[in-house]
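Okay, so here's the structure we're looking at.
The values are calculated or read from the model by the stated rules, or taken from the named source; none is laboratory data. Quick caveat: nothing in here was measured; it's all calculated off a predicted structure. Here Cβ is always computed from backbone atoms with ideal geometry, including for glycine, and neighbour counts include all displayed protein chains.
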């Protein structure tokens, strides 16, 4: 039973997942710090103090702290915006730049010599520009 457990733990995907979790936790701290220490003060400088934690209403002696909920929503939107524009978009551009010179690896497709669109290899006419293709 110990050998099976050791085999399971040392599998590549388990180790990769563990590394991803550790890096993700570390990255979370970086993003939270960026939002808390840089983005939120910028917003506060422009529009006043962005803190809704003191907002609440009371029904039958029960206090509903909807201000904390609003803070969580604003924080989520700021974090999502920062992650998208500072991480996702630049990575997508880098990936697009690295893939721009690669040819299609699918042998069942070819490029039309006229409009350079991707078409099935057995096609006799291009579906996009309708040029008759050489055999």
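Condition check for residue 108 on (1) surrounded by 11 or more Cβ atoms within 10 Å (Cβ to Cβ); (2) out of contact with any helix residue (DSSP H, G or I) (no Cβ under 7 Å at 6 or more places or on another chain): one failure, at (1). For segment 37-59, filtered to residues that are within 22 Å of residue 83 (Cα to Cα) and at pLDDT 75 or above, the residue that is surrounded by the most Cβ atoms within 10 Å (Cβ to Cβ) is 41.
For segment 90-98, does any single residue satisfy the condition of being assigned by TED's automatic domain parsing to the domain that holds residue 28 and in contact with a strand residue (DSSP E or B) (Cβ under 7 Å, 6 or more places away or on another chain)? Walk me through how you get there before you give the answer.
Initially, segment 90-98 is screened for residues assigned by TED's automatic domain parsing to the domain that holds residue 28, giving 90-98.
Checking which are in contact with a strand residue (DSSP E or B) (Cβ under 7 Å, 6 or more places away or on another chain) leaves us with none.
No, segment 90-98 contains no residue that is assigned by TED's automatic domain parsing to the domain that holds residue 28 and in contact with a strand residue (DSSP E or B) (Cβ under 7 Å, 6 or more places away or on another chain).
With the structure loaded, tell me whether residue 93 is outside any helix (DSSP H, G or I) and either touching a residue at least 40 places away in the same chain (Cβ under 8 Å) or loosely packed, with under 11 Cβ neighbours inside 10 Å (or both) or whether it fails that test.
no
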